[in-house]
Amino acid sequence: MVEVNGLGKTVDNGGVPLTILQDISFTVMPGETVAIVGASGSGKSTLLGLLAGLDVPTAGEIRLDGVSLAALDEDARAVQRGRLLGFVFQSFQLLPALTALENVMLPLELAGRKDAATLARDWLERVGLGHRLKHYPKHLSGGEQQRVALARAFSPAPRLVLADEPTGNLDAATGQQVIELMFDLNAKQGTTLVLVTHDEAIAARCGRVLRIQAGRLAD
């Protein structure tokens, strides 16, 4: 599902090159759950953005479902994301002008699903928010917003879900509930999951852990 070969990312830091990632190589098989862990600033969120095609590497190659991202322009990468990926962000990334139902409907409508409203409603009920369909994000708690984000990520039946610190903005108890829900949804859908986290207990729930230290994969 994911092939990464010799991946590197360098940015301009006031005229001085700053290497964020260097010589990263790994594969993720369909149905695997993989955690990417590391200290703050180690490059793990940058790596997730590269996997999503939201940024481009300065070295190496990423292949998703056998397709090289380097062979795609920005529009084609967006099409690939819509076809293949679901996202769960630390900051939820819900659209504030849309209700919970409309936020979940959005990727389904973009995919051309005629039953977007029905599917979105069913998914919000699955995450325990059937009574919050018409509520806007500002009227939802952090945990409720992240559950909406989970419903939005899983509702199009993606083959790969990328999650970036999904409990980072939640208290411990709420974060635990969200993690339990995410792993339950992932198991039932048979999705491939790549999860960035600083929480070793969450990482231990995954089938494999990739540890990044100073921009490199640790042995």
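Mean-square fluctuation check for the chain, GNM, Cα pairs under 10 Å: which of Leu193, Leu94, Leu18 is largest?
Checking each option, the largest mean-square fluctuation is seen for Leu18.
As a test, work out the antiparallel percent of DSSP beta bridges whose residues both lie in the chain, rounded to the nearest 5.
So the antiparallel bridges in the chain amount to around 50 percent.
What part of the accessible area of segment 2-218, given as a whole %, is carbon or sulfur when the probe is 1.4 angstrom?
Here it works out to 51 percent.
With every protein chain present, what is the per residue accessible area of segment 1-44 (1.4 Å probe, Å²)?
Ligands and nucleic acids excluded, the figure is 47 Å² per residue.
Exactly which trypsin sites (Lys or Arg not before Pro) in segment 96-129 are in a DSSP loop and have at most 16 other Cβ atoms within 10 Å?
Qualifying residues, ordered by number: Arg113, Lys114.
Tally Lys and Arg at +1 and Asp and Glu at -1 over the other residues with C-beta under 13 Å from the C-beta of Gln145: what net charge comes out?
+3
Return the sequence-ordered ³J(HN,Hα) values of segment 118-132 in whole Hz as given by the Karplus equation 6.51 cos²θ - 1.76 cosθ + 1.60 applied to θ = phi - 60°, using x for Gly and Pro.
Going residue by residue, I get 5, 4, 4, 4, 4, 5, 5, 5, 5, 9, x, 10, x, 8, 10 Hz, with x marking Gly and Pro.
Need the full-extension length gain, Gln177 to Asp75, defined as separation in residues times 0.36 nm minus the C-alpha distance. One decimal, nm.
Going from the current span to full extension adds 33.1 nm.
Please give the length that would be gained between Thr19 and Asn5 if that part of the chain were fully extended, namely 0.36 nm times their separation in residues minus their C-alpha to C-alpha distance (nm, one decimal).
3.4 nm
How large is ³J(HN,Hα), in whole Hz, for each residue of segment 23-30 in order, when computed from phi with the Karplus curve 6.51 cos²θ - 1.76 cosθ + 1.60 and θ = phi - 60°, using x for Gly and Pro?
Residue by residue, segment 23-30 yields 6, 8, 9, 6, 10, 10, 8, x Hz.
Using only helices, what value at 222 nm comes out for the chain when you add -39,500 (n - 2.57) per DSSP H run of length 4 or more and divide by the total residues, to the nearest 500 deg cm²/dmol?
-10500 deg cm²/dmol
For Phe26, what is the net charge nearby, where nearby means another residue's Cβ is under 10 Å from its Cβ and Lys, Arg count +1, Asp, Glu -1?
Computed value for this residue: 0.
Below 8 Å, C-alpha to C-alpha, sequence gap of six or more: please give me the relative contact order for segment 2-218 in percent.
31 percent
The values are calculated or read from the model by the stated rules, or taken from the named source; none is laboratory data. Bear in mind that the values here come from a model prediction, so they are computed numbers and not experimental data. Glycine also receives a Cβ, built like all others from the backbone with ideal geometry; neighbour counts cover every protein chain displayed. Please note that ligands, DNA and RNA were not included when accessible areas were found on the heavy atoms of the full protein model with its side chains. Shrake-Rupley method; radii C 1.70, N 1.55, O 1.52, S 1.80 Å.
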